[in-house]
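Worksheet: the structure to be examined is printed underneath.
The values are calculated or read from the model by the stated rules, or taken from the named source; none is laboratory data. Owing to the predicted nature of the structure, the values given are computational and were not obtained by experimental measurement. Using ideal geometry, Cβ is built from the backbone for each residue, glycine included, and neighbour counts are taken over all protein chains shown.
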Amino acid sequence: MTREAGNGHTAGDTPRVVLGVSGGIAAYKACELLRRLTESGHDVTVVPTDSALHFVGEATWSALSGNPVSTRVWDDVHEVPHVRIGQHADLVVVAPATADLLARAAHGLADDLLTNTLLTARCPVVFAPAMHTEMWEHAATQENVATLRRRGAVVIEPAVGRLTGVDTGKGRLPDPAEIFEVCRRVMARGTLPRDLEGRHVVVSAGGTREPLDPVRYLGNRSSGKQGYALARTAVARGARVTLVAANTALADPAGADVVPVGTAAQLREAVLKAAGDADVVVMAAAVADFRPAAYAAAKIKKKDDEEPPPLALARNTDILAELSADRPRPGQLVVGFAAETDDVLAHGRAKLARKGCDLLVVNEVGENTAFGREDNEAVVLGADGSETAVPFGPKEALADTVWDLVAARLPGRAERNSTDRG
Ligand SMILES: Cc1cc2nc3c(=O)[nH]c(=O)nc-3n(C[C@H](O)[C@H](O)[C@H](O)COP(=O)(O)O)c2cc1C
């Protein structure tokens, strides 16, 4: 089917995105999201609210999108825009979404072009809320968010950081590049169910560093990219995500609560804390098995006339085995990763049996394999005897396979509630 794009070009199969912008201070950041959407080949119609135009004017939206811009249902009435824009959209993303916009959307109001569009759209809808912490935490806002999520919308958790004034807290609009990533993934999933909706998932990522003295540590080569791919894909599937990130240099995924940690002990504490109400814990981080037995408070000096000091190691707690044996929440699923350099499957099967987790993602690692790369290849072993081979491809594809296997194993909601009570 060929469609005529609003900018006069023939759109063909160009995906159509509606970018709703409501009246928050972060409206200017939506310009970058708009740029990313148009530059990646989307036909974008910007639908601001009247309040949004106090922050960024119509000319900017129109020039950047190449499409006409209106806030009202009364412009170009012969084209019935209050119905047409939503009906023709492949994705609606509202960024920033104000407390007011969330309330109007949750209650089905249709008092401007954006809320009309939200009612007529049958495509996936993403809201990226941004507001002061008090507004976000207010019971009214939280109930509106829960309503929108229950109806199938992806509502991205706001980031923590500097807000409008001098204050900081939760309520900041996530990085536009990361909102774009959520949009891309949500569009790729299309009308597939948000099978992690209402679930809390905890993902650990990166590699721990075990300090030897104030300047040296024992570390590993994990970049955190696989864990971040798991976090990003889980957000797009509707989950509430806690990402425990050990020494990573990656942008915070939009919608994930990121807990930065350094050592294995800190990672253990953060994971156990978050796991208390989690449906699933995925241990993708490379956690050090050993740490230096002693920490030197001052830098260890080289002495020309002496042998190097011996390095004594102490064992770290095996977090994966601990979580698997003593689940912080009944019915919780635990997923581990095994990075092996040789005889990968045999080591993986032995590790699955030893750790007692539900799924184990086994992959081969080495200096030029997996670590720091965008691609990965793995076999996911199940405690039930299943074996799922994931061919070489983006880490995000492996992440989606893990979530497919997790979603199929999660207890149903009724079952879960009775387990909770029990
Ligand atoms: C300077 C300024 C900044 C604001 N920032 C936000 C914000 O970040 N989030 C929010 O929910 N409301 C914010 N507001 C309040 C909204 O603009 C107000 O609730 C408005 O009615 C929202 O209308 P809309 O949802 O139709 O865009 C701000 C108001 C002002 C004056």
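Filtering 99, 139 for residues that are more than 21 Å from residue 239 (Cβ to Cβ) and in contact (Cβ under 8 Å) with a residue 24 or more places away in the chain leaves a single hit, 99. Does residue 221 count as closer than 26 Å to residue 281 by Cβ, away from the ligand (no atom under 16 Å from the Cβ) and over 19 Å from the mean Cα position of the chain (by Cα)? In short, yes. Restricting segment 385-407 to residues that are at pLDDT 95 or above and among the acidic types (Asp, Glu) leaves a set whose member that is nearest to residue 332 (Cα to Cα) is 404.
Out of 376, 316, one residue alone is modelled with pLDDT under 95 and not β-branched (Val, Ile, Thr). It is 376. In this structure, does residue 196 turn out to be in a loop (DSSP other than H, G, I, E, B) and closer than 25 Å to residue 41 by Cβ? In short, no. If you filter segment 306-324 down to residues that are touching a helix residue (DSSP H, G or I) at 6+ places or on another chain (Cβ under 9 Å) and of a type in the set (A, V, I, L, M, F, W, C), you find that the one that is nearest to residue 338 (Cα to Cα) is 320. Screening segment 229-279 for residues that are free of Cβ contacts under 8 Å to residues at least 60 places away in the same chain and polar (S, T, N, Q) and picking the one that is surrounded by the fewest Cβ atoms within 10 Å (Cβ to Cβ) gives 266. Among the conditions (1) out of contact with any helix residue (DSSP H, G or I) (no Cβ under 6 Å at 6 or more places or on another chain); (2) not in a loop (DSSP other than H, G, I, E, B), residue 205 misses just one, which is (1). Screening residue 156 with (1) more than 15 Å from residue 240 (Cα to Cα); (2) within 15 Å of the ligand (Cβ to nearest atom) gives one miss only, at (1).
So for segment 321-335 (the condition being within 24 Å of the chain's Cα centre (by Cα) and within 16 Å of residue 227 (Cα to Cα)), does at least one residue qualify? So far as segment 321-335 goes, yes, one or more of its residues are within 24 Å of the chain's Cα centre (by Cα) and within 16 Å of residue 227 (Cα to Cα). Taken together, the criteria exclude residue 20 from residues that are out of contact with any Phe, Trp or Tyr (no Cβ under 9 Å at 6 or more places or on another chain), within 16 Å of the ligand (Cβ to nearest atom) and modelled with pLDDT of 95 or more. When residue 148 is tested against (1) within 16 Å of the ligand (Cβ to nearest atom); (2) of a type in the set (A, V, I, L, M, F, W, C); (3) buried (at least 17 other Cβ atoms within 10 Å of the Cβ); (4) assigned to a strand (DSSP E or B), just one condition goes unmet, and that condition is (4). Within segment 115-131, if we keep just the residues that are within 14 Å of the ligand (Cβ to nearest atom) and over 21 Å from the mean Cα position of the chain (by Cα), the residue that is surrounded by the fewest Cβ atoms within 10 Å (Cβ to Cβ) turns out to be 116. Counting only residues that are in a loop (DSSP other than H, G, I, E, B) and within 13 Å of the ligand (Cβ to nearest atom), segment 68-114 holds 8 of them. It is to be established whether one or more residues within segment 245-258 are β-branched (Val, Ile, Thr) and either at positive phi or under 16 Å from the mean Cα position of the chain (by Cα) (or both). Yes: one or more hits. If you go through segment 37-57 and pick out every residue that is more than 16 Å from the ligand (Cβ to nearest atom), part of a helix (DSSP H, G or I) and surrounded by fewer than 17 Cβ atoms within 10 Å (Cβ to Cβ), you end up with 1. Pairing each residue of segment 64-93 that is within 18 Å of residue 53 (Cβ to Cβ) and free of Cβ contacts under 8 Å to residues at least 60 places away in the same chain with any residue that is charged (D, E, K, R) and not in a loop (DSSP other than H, G, I, E, B), provided the two are 6+ apart or on different chains, yields C-beta distances under 6 Å for 69/58.
Condition check ((1) assigned by TED's automatic domain parsing to the domain that holds residue 255; (2) of a type in the set (Ser, Thr, Tyr); (3) out of contact with any strand residue (DSSP E or B) (no Cβ under 9 Å at 6 or more places or on another chain); (4) under 23 Å from residue 17 (Cα atoms)) across all residues:
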residue: 129; (1), (2), (3), (4): no, no, no, yes
residue: 151; (1), (2), (3), (4): no, no, no, yes
residue: 161; (1), (2), (3), (4): no, no, no, no
residue: 166; (1), (2), (3), (4): no, no, yes, no
residue: 169; (1), (2), (3), (4): no, no, no, no
residue: 173; (1), (2), (3), (4): no, no, no, yes
